[in-house]
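Contents: one structure, followed by commentary.
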Amino acid sequence: MSTISRDEVARVAALARIELRPDELDRLAGELDVIVESIAKVSQVATPEVPATSHPLPMSNVFRPDVPEPALPVDDVLAGAPEAEDGRFAVPQILGEE
Amino acid sequence: MTQLVDYADAVRRFDPVLGIEVHVELGTRTKMFCPAEVEFGGDPNTQTTPVSLGLPGALPVVNGTAVEYAIRIGLALNCQIAESCRFARKNYFYPDVPKNFQTSQYDEPIAFDGWLDVELEDGTVHRVEIERAHMEEDAGKNTHVGGAAGRIHGADYSLVDYNRAGIPLVEIVTKPITGVGDRAPEVARAYVQALRDIFRALDVSEARMERGNVRADVNLSLRATPDAPLGTRTETKNVNSFRSVERAVRYEVSRQAAILDAGDTVVQETRHWHEDTGITTSGRVKSDAEDYRYFPEPDLVPVEPSREWVEEIRAGLPELPQAHRRRLQDEWGYADAEMRDVVNAGALDLIEATVAAGSSPAAARKWWMGELARRAKQDEVELADLAITPAQIGELQGLVDSGRINDKIARQVLDGVLAGEGDPEQVVVDRGLEIVSDDGALLSAIDEALAAQPDVVEKVRGGNQGPVGAIIGAVMKTTKGQADAKRVRELILERIGS
C-alpha cells in the first residue's frame with residue numbers, strides 16, 4: 001500500500017525548489033514509500049521511554065563564550081556573489097517570482 | 001479600497017481576540033551561532049562569518065550568553081524553563097535567509113507556560129498568558145531598489161546585507177488574549193511596552209523600537225460572542241512602535257468587522273502595516289506550519305539547562321519594572337493617580353534620578369510634571385529630550401531648599417540651563433539671580449515702599465496685617481523678585497513697629 005502519493009512528492013519538491021521530471025516523481029514516490037514504511041516499523045518498536053534522537057553523540061550544552069572574533073573580509077564575503085552593489089549582494093526582485 | 005466599520009460599533013457587535021508575537025534582538029556582543037561581532041550601523045556585510053553567510057561546511061556553535069539571556073526572559077515572564085530543548089530548522093527561501101533555513105526552535109522551546117500582568121493607563125490590570133519563548137536568529141536586511149520609495153512592491157531588484165543575519169532573537173508568543181473587548185488595542189500596546197521595559201530591566205537588550213530591536217507581529221480575529229469559537233485571524237507583521245501596535249489592532253478590528261458584516265470570510269494571511277497611512281494591506285497567504293518542514297537541527301546538540309543554573313539565574317534577576325514601580329510609589333508616597341500620570345508621562349526614570357540627586361520626591365514630581373512637562377509640550381519633545389538633566393533639577397531644587405533662590409527665580413534659572421548657559425549654580429552666578437539677603441538693601445527698598453503707601457502703614461498699625469502683602473509686592477518689584485519674601489515680611493513688620 002502506497003502512503004506517499006505522487007502529488008505529495010511534487011508538493012514537497014516544489015517547497016524545496018527541486019525541479020523533478022514526471023518519471024522522477026514516480027520513482028521517488030516509490031522510494032520514499034519504502035523509507036516511510038521503514039520508519040513506521042521503527043516507531044512500532046520504540047516505546048515512549050525511548051527519547052527521540054536527533055544527534056548521534058551523547059552530548060548537550062556545547063556553548064561558546066560571547067567573545068568576538070574577526071569577521072570575514074567584505075571582499076571575501078562578496079567573492080562568490082554573482083552580482084554585488086555597494087558592498088551588498090544584489091538579488092532579483094523578490095515578490096515577482098511568487 | 002476596503003470599507004471600514006466604525007471602531008466603537010465593531011467592538012459592540014464583535015469580540016476581538018489577540019495573539020501577539022514579539023521578537024527581541026538580544027544585546028550579546030556576538031551572533032547566536034558564530035563569533036561575528038554585532039554592532040549597530042556597521043558597513044554592509046562587515047559583520048559576517050562563514051556560519052552567518054551559510055557557506056558550505058560551516059558549523060554553528062551556540063552562544064552561551066544568549067541562552068542565559070533567553071532563560072532570564074523566560075523567568076521574568078513566569079515561564080517554566082525546559083530541562084531539555086533543541087534547535088530546529090525552519091525551511092524557506094528568501095534572500096535575507098542565507099542558509100535557506102532559519103535556525104529556530106519548534107516543538108521544544110526553552111521557556112513555556114508563563115504569564116505577564118499588564119497595566120493599562122487607567123490602572124486596569126490584564127493578565128496575558130504566555131505560550132512560549134524560544135531562541136532563534138535574525139535574518140539579513142533587504143533593501144529594495146527601484147519601484148516606489150524602496151517598497152517591496154514594484155522593486156526592480158534587492159540588495160542584501162547579512163550583518164543582522166544570525167543576531168540572537170528570542171520570540172515570545174502569547175496564548176489567545178481574550179476578554180479584552182474594546183480595550184484590545186490598549187492591551188496590545190501595554191503588553192509590548194511592558195515587555196520592552198522588562199528587556200531593559202533584565203539588561204538583555206537595548207530594546208530600542210526605532211532600531212528594530214523589538215518587533216511585534218499582531219494576530220487578530222473577531223467572533224460574534226465571547227463563547228463562540230475563534231474566528232479566522234490575520235497576522236500583521238513588523239509593527240514597530242507602541243502607537244502602531246494600537247493603531248494596527250484598531251484598523252484590523254474595523255476591517256474584519258466590515259468583511260463579516262458583508263457576509264464574507266476573513267482570509268487567513270499575513271498583512272503589512274503601513275505607518276504613513278495607518279492601514280494594513282494583504283501580504284502573502286499564511287503558510288501552514290508544515291510548509292516550513294521543521295526538523296531538528298543536526299549540527300547542534302540539545303540545550304539542557306541544569307536546575308542549578310536556572311536557579312542561579314533566577315536569584316540574579318534584577319527588580320522587575322512592576323515591582324520597581326510599586327516600591328518607588330511606597331517610598332515616594334505618591335497617590336495611585338499621581339504615580340500613573342508619572343509613568344504615562346515617561347517621567348519615572350527622570351524623577352528617580354532627580355530624587356537620587358538630592359531632591360525630595362514631591363519637588364521632583366512638581367518639576368517634571370509641571371514646569372518641565374509644560375515646556376516639553378510647548379517644544380513638542382519628550383521630557384527626556386529636554387536639554388536638562390535630573391542632576392541639574394536636583395541641584396536647582398537644592399538652591400531653592402537652601403533659600404538661595406525662590407520658586408519664581410528658579411524658573412529663570414531653568415531658562416538659563418535650557419538655553420545652555422551651564423548648571424543651575426553657574427546660571428545663578430552669571431545672571432546675578434541670588435536672593436537679596438542683605439538686610440540693608442532690603443530695608444532701603446522697604447522704606448521706599450512704606451513712604452509710597454502711608455495708608456497701608458496706618459492699617460497695619462491699627463492691627464490689620466492683611467495689607468502687608470501690598471508692601472511685600474512693591475519690594476519684590478524693586479528687587480526684581482530676588483528677595484526672600486519671608487524675610488521682607490519680617491522686616492516690614494519690624495519697621496512699622498507693630
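The values are calculated or read from the model by the stated rules, or taken from the named source; none is laboratory data. As the structure is a prediction and not an experimental result, all values here were calculated from the model. For neighbour counting, all protein chains shown are included, and Cβ atoms are generated from backbone atoms with ideal geometry for every residue, glycine included. To get the accessible areas, we keep the full protein, side chains included, count just its heavy atoms, and leave off ligands, DNA and RNA. Shrake-Rupley method; radii C 1.70, N 1.55, O 1.52, S 1.80 Å.
Could you say whether any residue in segment A:20-31 is within 14 Å of chain B (Cβ to nearest Cβ) and either at pLDDT 95 or above or open to solvent by 90 Å² or more (accessible area, probe 1.4 Å) (or both)? Spell out the reasoning first.
At the first step, the residues of segment A:20-31 found to be within 14 Å of chain B (Cβ to nearest Cβ) are none.
Scanning segment A:20-31 turns up no residue that is within 14 Å of chain B (Cβ to nearest Cβ) and either at pLDDT 95 or above or open to solvent by 90 Å² or more (accessible area, probe 1.4 Å) (or both).
Kindly indicate which of A:R11, A:R64, A:R27 is within 20 Å of B:L53 (Cα to Cα) and among the basic types (K, R).
On the way: A:R11 fails: within 20 Å of B:L53 (Cα to Cα); A:R27 fails: within 20 Å of B:L53 (Cα to Cα).
Selected residue: A:R64, the only one of A:R11, A:R64, A:R27 that is within 20 Å of B:L53 (Cα to Cα) and among the basic types (K, R).
Could you check segment B:78-122 and list, in sequence order, the residues that are more than 15 Å from B:M135 (Cα to Cα), of a type in the set (A, V, I, L, M, F, W, C) and surrounded by 15 or more Cβ atoms within 10 Å (Cβ to Cβ)?
Within segment B:78-122, B:V97, B:L116, B:V118, B:L120 meet the criteria.
Does B:A201 satisfy the criteria of being touching a Lys or Arg at 6+ places or on another chain (Cβ under 9 Å) and either open to solvent by less than 10 Å² (accessible area, probe 1.4 Å) or more than 30 Å from B:R12 (Cα to Cα) (or both)? Spell out the reasoning first.
Values: touching a Lys or Arg at 6+ places or on another chain (Cβ under 9 Å): no; either open to solvent by less than 10 Å² (accessible area, probe 1.4 Å) or more than 30 Å from B:R12 (Cα to Cα) (or both): yes.
It is false that B:A201 is touching a Lys or Arg at 6+ places or on another chain (Cβ under 9 Å) and either open to solvent by less than 10 Å² (accessible area, probe 1.4 Å) or more than 30 Å from B:R12 (Cα to Cα) (or both).
In segment B:51-71, which residues are open to solvent by less than 50 Å² (accessible area, probe 1.4 Å) and more than 8 Å from chain A (Cβ to nearest Cβ)?
Answer for segment B:51-71, where residues must be open to solvent by less than 50 Å² (accessible area, probe 1.4 Å) and more than 8 Å from chain A (Cβ to nearest Cβ): B:V51, B:S52, B:G54, B:A58, B:P60, B:Y69, B:A70, B:I71.
Every residue in segment A:81-98 that is under 18 Å from B:P50 (Cα atoms) and either outside any loop (DSSP other than H, G, I, E, B) or more than 8 Å from every other protein chain (Cβ to nearest Cβ) (or both), please.
We begin by selecting, within segment A:81-98, every residue under 18 Å from B:P50 (Cα atoms); these are A:81-82, A:84, A:87-89.
A:A81, A:P82, A:A84, A:R88, A:F89 - these are the residues of segment A:81-98 that are under 18 Å from B:P50 (Cα atoms) and either outside any loop (DSSP other than H, G, I, E, B) or more than 8 Å from every other protein chain (Cβ to nearest Cβ) (or both).
Against the conditions (1) open to solvent by less than 50 Å² (accessible area, probe 1.4 Å); (2) touching a residue at least 40 places away in the same chain (Cβ under 8 Å); (3) within 14 Å of chain A (Cβ to nearest Cβ); (4) not polar (S, T, N, Q), where does B:L18 fall short? Just the number, please.
Result: B:L18 passes all but (3).
For segment B:208-254, enumerate the residues that are part of a strand (DSSP E or B) and farther than 23 Å from B:A139 by Cα. It would help to see each step written out before you state the result.
First, the residues of segment B:208-254 that are part of a strand (DSSP E or B): B:214-223, B:234-239.
Selection gives B:L220, B:S221, B:L222, B:R223.
All but one of (1) in a helix (DSSP H, G or I); (2) surrounded by fewer than 18 Cβ atoms within 10 Å (Cβ to Cβ); (3) under 32 Å from the mean Cα position of the chain (by Cα); (4) at pLDDT 95 or above hold for B:E338; state the number of the condition that does not hold.
(4)
Yes/no per residue for (1) within 14 Å of chain A (Cβ to nearest Cβ); (2) touching a Leu at 6+ places or on another chain (Cβ under 8 Å); (3) not polar (S, T, N, Q):
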{"residue": "B:V160", "(1), (2), (3)": "yes, no, yes"}
{"residue": "B:E186", "(1), (2), (3)": "no, yes, yes"}
{"residue": "B:L202", "(1), (2), (3)": "no, yes, yes"}
{"residue": "B:E210", "(1), (2), (3)": "no, no, yes"}
{"residue": "B:V214", "(1), (2), (3)": "no, yes, yes"}
{"residue": "B:R223", "(1), (2), (3)": "no, yes, yes"}
{"residue": "B:G231", "(1), (2), (3)": "no, yes, yes"}
{"residue": "B:Q256", "(1), (2), (3)": "no, yes, no"}
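Out of all the residues in segment B:306-334, which are without any contact (Cβ under 8 Å) to a residue 24 or more places away in the chain, under 21 Å from B:A194 (Cβ atoms) and surrounded by 12 or more Cβ atoms within 10 Å (Cβ to Cβ)?
B:R325, B:R326, B:Q329, listed by residue number.
Is it the case that some residue within segment B:163-174 is at pLDDT 95 or above, open to solvent by 20 Å² or more (accessible area, probe 1.4 Å) and of a type outside the set (D, E, K, R)?
Within segment B:163-174 (the criterion being at pLDDT 95 or above, open to solvent by 20 Å² or more (accessible area, probe 1.4 Å) and of a type outside the set (D, E, K, R)), the answer is yes, since at least one residue qualifies.
Checking A:D75 against (1) part of a loop (DSSP other than H, G, I, E, B); (2) more than 8 Å from chain B (Cβ to nearest Cβ), only one condition comes out false. Which one?
(1)
Look through B:T28, B:T48 and report the one residue that is within 8 Å of chain A (Cβ to nearest Cβ), polar (S, T, N, Q) and over 30 Å from B:T236 (Cβ atoms). Please lay out each step first, then the result.
On the way: B:T28 fails: over 30 Å from B:T236 (Cβ atoms).
Being within 8 Å of chain A (Cβ to nearest Cβ), polar (S, T, N, Q) and over 30 Å from B:T236 (Cβ atoms) holds for just one of B:T28, B:T48, which is B:T48.
When only residues in segment B:459-485 that are open to solvent by 70 Å² or more (accessible area, probe 1.4 Å) and of a type in the set (D, E, K, R) count, which is nearest to B:G403 (Cα to Cα)?
B:K480
Just one of (1) facing chain B (nearest Cβ under 8 Å); (2) in contact with a strand residue (DSSP E or B) (Cβ under 8 Å, 6 or more places away or on another chain); (3) within 30 Å of B:Y94 (Cα to Cα) trips up A:S60, so point out which.
The failed condition is (3).
Could you please tell me which pairs satisfy a Cβ distance under 7 Å, a separation of 6+ or placement on different chains, a first residue in segment B:24-35 that is free of Cβ contacts under 8 Å to residues at least 40 places away in the same chain and surrounded by fewer than 24 Cβ atoms within 10 Å (Cβ to Cβ), and a second residue that is in a loop (DSSP other than H, G, I, E, B) and charged (D, E, K, R)?
Within 7 Å, the pairs are B:R29/A:D66.
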